[in-house]
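Visitor: For reference, the structure I am asking about is given below.
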Amino acid sequence: MLAGFACQAAYAGDPGDFIVDSDKQGSANGLAYRSATFPAVGASETAFAVAKCPKRKVLTGGGAVSTGPTQDSRFIELGPNRIEVIGTKARKSFTAQVESSGASPLDATSFAICARKKGLSMNTASTPEPNDNEVVSAKAKCPNGTKVTGGGLTSDSNQEHILISAPYDAGDPDSDPDDGWKTSLVTGIGQPDRQLRAHAFCSDRFKLAYRSATELDVTGNGFARAECPQNAAISGGGLAISGGAGAFLNGSYPTDRDDAGEVPDDAWEGYAGVTSGTRTLDVFAICRK
């Protein structure tokens, strides 16, 4: 554990406590996997888990998951660190903020996927959040000649419901979602001068494969898993739940499957909670060959 402190500044409202860690989860295909876990987040509390890259490496992607039932927690922040008091660089640390609403404490874990900096960039686009309870979207495009390796979102509000944090296809000749990162959320209430930011991590060197999985007719809880091709390793991934208010992102993270090791490099899993309507859940895996 590197740090665990109350965080009261550089954020709209009280974001709760945070923890910064760089727990080794192994490596594959030039990628290093790190995690940070905030234990026992109590009911009606929020907390940050910040996973930090090792020396001389920067983010290619990141994600987060929490324990407990899907309906008991949601992620509000899921992207590179931007909170000054935490004190980690944005390109080197992936930050997840979880809000717990269940009766039992839950653990929240963030994941940072990291590689050497050469050929990698982080690109950000922002959209104002002028109204309460409104669906707001933002897209960050990768520079020409590069492809998206992963991404995330950050926002100035601590009351929002994330709907989308995923790669997208910009309509170029191929159909791969390799052109950037799209985000969408339902805004919270009572916080002026807010912004939603989409963050795309992009590479001009990686050879990448894109995979997706879909669950249709989701009510209550949704889950899908997208698996990498053999001998490829997860560099990032994302989730999209259809529709507007009445759904939220509960987990979007790398995972190990049935190979010999325990490195979370084989697939991307996504969970979403649905409180109204029938939705479609799409999960995306971005894989380095």
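Visitor: For region 265-289, how many residues are part of a loop (DSSP other than H, G, I, E, B) and surrounded by fewer than 24 Cβ atoms within 10 Å (Cβ to Cβ)?
Guide: Number satisfying all stated conditions: 2.
Visitor: Also, I was wondering about something else. Checking G150 against (1) farther than 28 Å from T70 by Cα; (2) modelled with pLDDT of 95 or more, which test does it fail?
Guide: Every listed condition holds for G150 apart from (1).
Visitor: Kindly check whether there is at least one residue in region 194-206 that is more than 12 Å from G273 (Cα to Cα), among the hydroxyl-bearing types (S, T, Y) and surrounded by fewer than 21 Cβ atoms within 10 Å (Cβ to Cβ).
Guide: There is no residue in region 194-206 that is more than 12 Å from G273 (Cα to Cα), among the hydroxyl-bearing types (S, T, Y) and surrounded by fewer than 21 Cβ atoms within 10 Å (Cβ to Cβ).
Visitor: Determine whether region 135-150 contains at least one residue that is without any contact (Cβ under 8 Å) to a residue 40 or more places away in the chain and buried (at least 18 other Cβ atoms within 10 Å of the Cβ).
Guide: Checked against the condition, which is being without any contact (Cβ under 8 Å) to a residue 40 or more places away in the chain and buried (at least 18 other Cβ atoms within 10 Å of the Cβ), region 135-150 yields no hits at all.
Visitor: Step by step: first the residues of region 213-230, then only those that are within 18 Å of L163 (Cβ to Cβ) and charged (D, E, K, R), then the one that is surrounded by the most Cβ atoms within 10 Å (Cβ to Cβ). Which residue is that?
Guide: Checking each candidate, the answer is E215.
Visitor: Take the residues of region 82-127 that are among the charged types (D, E, K, R) and part of a loop (DSSP other than H, G, I, E, B): which is farthest from S155 (Cα to Cα)?
Guide: Taking the candidates together, the pick is K118.
Visitor: Then there's this: For the structure I just gave you, tell me whether S110 is surrounded by fewer than 17 Cβ atoms within 10 Å (Cβ to Cβ) and under 23 Å from A32 (Cβ atoms).
Guide: no
Visitor: Next question, about the same structure. Any residue at all in region 164-178 that is closer than 27 Å to F38 by Cβ, at pLDDT 90 or above, out of contact with any Phe, Trp or Tyr (no Cβ under 8 Å at 6 or more places or on another chain) and small (G, A, S)?
Guide: no
The values are calculated or read from the model by the stated rules, or taken from the named source; none is laboratory data. All of these numbers come straight from a predicted model, not from anything done at the bench. FYI the Cβ positions are ideal-geometry reconstructions off the backbone, even for glycines, and counts take in every protein chain you see.
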